[in-house]
Amino acid sequence: DAGVTQSPTHLIKTRGQHVTLRCSPISGHKSVSWYQQVLGQGPQFIFQYYEKEERGRGNFPDRFSARQFPNYSSELNVNALLLGDSALYLCASSPHLGTGNTEAFFGQGTRLTVV
Amino acid sequence: TQLLEQSPQFLSIQEGENLTVYCNSSSVFSSLQWYRQEPGEGPVLLVTVVTGGEVKKLKRLTFQFGDARKDSSLHITAAQPGDTGLYLCAGAWQNKLVFGAGTILRVKS
C-alpha cells in the first residue's frame, strides 16, 4: 500500500509569491494534518482536516490556508511568502479524528525555500 | 500552551554504547509517540504509548510512558550506526501532535 505522498518534493519561491502544496493520505485515512518544520526544530502544527472540515488550527497567520477534497487529499496554500516560511512542510495522515490516540503517519515532506 | 522538552539535544556515542533520551512536560497527554527522522525525510513512527507506566520494546529500543502521562523515555541498547538520526517525541493533545525539538543521535563505528 502507498504511504502518504506529497508533491512537490522541493520548491523554490520568491518573497511575495504564493505556493500550493499537495498531499494524498494513506488509502482509507480520512484525517490530514499539516505541520511546518523549521531547521533544527520539531514540527509545528498548522491545520487538521477531517471529512473535508477544518478541525484544528495552529498559531499561524491567515496567509496560511488549507482544504480537503472529497477523496481526502489536501492542499496547503501560503500567500505573500516570507523568508521565514522556508521550511519542510509535512503532511500527516490518520485513519480517524481521534480522541487521544492520534497516531499519525507522515509523508516525506515538501522542502520550501523562499528567496 | 503544551510544551515537550527533550534532552539531550545532541548525543554522539560509539557503537555498542547504551543511551537514554528523555521527553518531559508539565502537561498530561492522552498518548505519546516517538518518531525517527532522517535528513530531508518525514518522521517515521516508532511507537505509541497510551497507558501511564506503559513499557514497550522494539528490538533494542525500550520506550516508557511516565505514570502521570507527562513524560517518556527512549532507551537504546548497544547502539549501532544505523540508529543515527533525529528522534522526536510527540504528545497527542486535542487531536493534534505537540512535538519536542528532538534529539540528534550520532553513532560512530
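Of all the listed residues (A:ALA66, A:ALA80), the sole one being away from chain B (no Cβ under 12 Å), part of a strand (DSSP E or B) and small (Gly, Ala, Ser) is A:ALA66. Looking only at segment B:83-98, residues that are modelled with pLDDT under 95 and either in a strand (DSSP E or B) or of a type in the set (Gly, Ala, Ser) (or both) come to 7 in all.
Could you look through segment A:25-59, keep only residues that are of a type in the set (D, E, K, R) and in contact (Cβ under 8 Å) with a residue 12 or more places away in the chain, and pick out the one that is nearest to the other protein chains (Cβ to nearest Cβ)?
Taking segment A:25-59 as the starting set, the residues that turn out to be of a type in the set (D, E, K, R) are A:30, A:51-55, A:57.
So of that shortlist, the ones also in contact (Cβ under 8 Å) with a residue 12 or more places away in the chain come out as A:30, A:51-55.
Details: A:LYS30: 12, A:GLU51: 13, A:LYS52: 16, A:GLU53: 12, A:GLU54: 11, A:ARG55: 6 Å.
Among those residues, the one meeting the criterion is A:ARG55.
Could you please let me know if A:GLN41 is in a loop (DSSP other than H, G, I, E, B), of a type outside the set (A, V, I, L, M, F, W, C), closer than 18 Å to B:LEU97 by Cβ and under 14 Å from the mean Cα position of the chain (by Cα)? In short, no.
Against the criterion of being in a strand (DSSP E or B) and either away from chain B (no Cβ under 12 Å) or touching a helix residue (DSSP H, G or I) at 6+ places or on another chain (Cβ under 8 Å) (or both), A:ASN71 does not qualify.
Each residue in segment A:45-63 was checked for being assigned to a loop (DSSP other than H, G, I, E, B) and aliphatic (A, V, I, L, M), and 0 of them qualify.
Can you name the strands (runs of 3 or more DSSP E) wholly within segment B:1-47 that have at least 2 residues being surrounded by fewer than 13 Cβ atoms within 10 Å (Cβ to Cβ)? Before you say what the answer is, go through the steps one by one.
Details: elements: B:5-7, B:10-14, B:19-24, B:31-37.
Counting at least 2 such residues, we get B:10-14.
When the residues of segment B:50-64 are filtered to those that are surrounded by 13 or more Cβ atoms within 10 Å (Cβ to Cβ) and either more than 10 Å from chain A (Cβ to nearest Cβ) or modelled with pLDDT of 95 or more (or both), the one that is farthest from A:GLN44 (Cα to Cα) is B:ARG60. The set of residues in segment B:65-74 that are surrounded by fewer than 16 Cβ atoms within 10 Å (Cβ to Cβ) and either within 9 Å of chain A (Cβ to nearest Cβ) or touching a residue at least 40 places away in the same chain (Cβ under 8 Å) (or both) contains only B:ALA68.
Does segment B:78-98 contain at least one residue that is away from chain A (no Cβ under 11 Å) and under 10 Å from the mean Cα position of the chain (by Cα)? Checked against the condition, which is being away from chain A (no Cβ under 11 Å) and under 10 Å from the mean Cα position of the chain (by Cα), segment B:78-98 yields no hits at all.
Filtered by the rule that a residue be assigned to a strand (DSSP E or B), over 13 Å from A:VAL32 (Cα atoms) and either facing chain B (nearest Cβ under 10 Å) or touching a Cys at 6+ places or on another chain (Cβ under 9 Å) (or both), segment A:90-114 gives A:THR110, A:ARG111.
Of all residues in segment A:72-104, those satisfying the criterion of being modelled with pLDDT under 95 and surrounded by fewer than 19 Cβ atoms within 10 Å (Cβ to Cβ) are A:PRO95, A:HIS96, A:LEU97, A:THR99, A:GLY100, A:ASN101, A:GLU103.
The values are calculated or read from the model by the stated rules, or taken from the named source; none is laboratory data. Predicted model, so just to flag it, every value in this text is computed and none were measured. Methodologically, a virtual Cβ is constructed for each residue, glycine included, from the backbone with ideal geometry; neighbour enumeration extends over all protein chains shown.
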